[in-house]
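Nothing in this text is a laboratory measurement; each read-out follows from the coordinates by a stated rule. All values derive from a computational prediction rather than experimental measurement. Note that each Cβ is placed from the backbone with ideal geometry, even for glycine, and that neighbours are counted across all protein chains shown.
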């Protein structure tokens, strides 16, 4: 299993613009403009990655726990579905039901949104404040498949709770680690 760390996009970066189809729920589209004025957690995930599967219940819990407090939770799948059909929009909808995801699960078919975020892996987490500034990027917690660390969501939840309470968010942020985004030929980011 390949292990790719997140790129740790610079704190303070403005929320990149996007307008993507919603693969789960009733369909439709969601744009970054709809997120203005409220904090947002953007998660890059997919259906088949062992790292995402390991955190699946914790991701569903984020979607249950934080929207009522004012943080919008959104997931984006940017994988190449021609080479990885298990990540297709139809399977995203089925995965949402099976995992209990209550958040919009968006499909980034041309991978432009992943490139704009400089997303590198699944899972990759980005927390933006109400002004659309990046305040946290990094891991959910220290759990990884096979390392016997319990999945608690401690790192990301601490940042989300601090954001909601107005407390400072620690600058000690560790990269997420997961499977690399499955880039379409020619879309691979410059390293």
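Just from its helices, what would the mean residue ellipticity at 222 nm be for the chain, if runs of 4 or more DSSP H residues each count -39500 (n - 2.57) and the sum is divided by every residue, rounded to the nearest 500 deg cm²/dmol?
Mean residue ellipticity at 222 nm (helix-derived): -7000 deg cm²/dmol.
Where both partners of a DSSP beta bridge lie in the chain, what percent of those bridges are antiparallel, to the nearest 5?
In the chain, DSSP labels about 70 percent of beta bridges as antiparallel.
Determine, for each peptide in 158-164, 70-76, the mean count of other beta carbons within 10 angstrom over its residues, then list the peptides with the highest first.
70-76, 158-164
Hey, fewest Cβ within 10 Å first, where do 8, 43 land in order?
8, 43
So, in nm, how far is label residue 82 from label residue 171 when the simple model puts each one 7 Å beyond its Cα toward the Cβ?
Between residue 82 and residue 171, the label points sit 4.4 nm apart.
Listing 80, 124, 172, 110 from the residue with the fewest other Cβ atoms within 10 Å to the one with the most, what is the order?
The fewest-first ordering by Cβ neighbours comes to 172, 110, 80, 124.
Please arrange 152, 7 by counting, for each residue, the other beta carbons lying within 10 Å of its beta carbon, fewest first.
152, 7
What is the spin-label model distance, in nm, from residue 34 to residue 90 if the labels are put 7 Å beyond Cα along the C-beta direction?
2.4 nm
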